[in-house]
Amino acid sequence: MIRVITFGTFDVFHAGHLSILERSKSLGDYLIVGVSSDAFSTGKKKRTPIYSENDRMRIISALACVGEVFLEESLEQKEDYIRSHAAHLLVMGDDWRGKFDDLRNICDVIYLPRTPSISTTAIVEVIKKT
Ligand code: CTP
């Protein structure tokens, strides 16, 4: 039973989000998702999420590929989250390539390619212009 963990804001849920979650699940048996809190995500992306952390967690937890979700409150707690959820494999998008290599002493780490030409930022920009 391979437990896979991944993290993200997943604001304004889109097909790139679905693809990385489905690909993450396919690398193991059970998928755990750390959804970035409003405060953490605002600091990281310099933009307050459009959807609240509660709504983003509800959306992610409703997906067939997702076993459970929890709130990710900081980057520094990554190791604690991996340990407390007994994860064997950390999956991150390749926008984070190399950033979590030091966690290889507690779990496997895989960076998956992002889906091209889609992002929450791009969607928000299109909506602003229309
Ligand atoms: N992701 C992906 N392909 C995309 C967009 C996101 O695989 N086209 C992945 C990211 O690599 C990350 C997860 O989805 O592992 C959550 O990404 P997030 O930062 O929430 O989404 P973005 O659309 O990149 O958001 P933003 O534009 O606000 O940075």
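The values are calculated or read from the model by the stated rules, or taken from the named source; none is laboratory data. Every value quoted in this text rests on a predicted model; they were computed, and no experiment measured them. Quick reminder, even Gly has a Cβ in these numbers, built from the backbone with ideal geometry, and neighbours come from all protein chains shown. With ligands, DNA and RNA removed, areas are computed over all heavy atoms of the protein, side chains included. Shrake-Rupley method; radii C 1.70, N 1.55, O 1.52, S 1.80 Å.
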Close lysine pairs (the chain; alpha-carbon distance under 18 Å; 8 or more apart or on separate chains) counted at 7
If every Lys and Arg gets +1 and every Asp and Glu gets -1 at its Cβ, then about the Cα centre the range 51-90 yields a dipole, in debye to the nearest 20, of 180 debye
Over the chain, with neighbouring protein chains present, the accessible area per residue in Å² at probe 1.4 Å is 54 Å²
With the 8 Å Cα cutoff and a minimum separation of six or more residues, the chain has a relative contact order in percent of 30 percent
Here the convex hull volume per residue of the chain, taken over Cα atoms and given in Å³, is 104 Å³
Summing -39500 (n - 2.57) over every DSSP H run of at least 4 residues in the chain and dividing by its residue count gives a helix-only mean residue ellipticity at 222 nm, to the nearest 500 deg cm²/dmol, of -10000 deg cm²/dmol
For 4-11, 102-109, ranked highest to lowest by mean beta-carbon neighbours within 10 Å, the order is 4-11, 102-109
Computed from the beta carbon distance with a Förster radius of 35 Å, FRET efficiency for R83 and T130 to the nearest 0.05 stands at 0.20
Most packed first (mean Cβ within 10 Å per residue), the peptides 70-79, 84-93, 43-52 order as 84-93, 70-79, 43-52
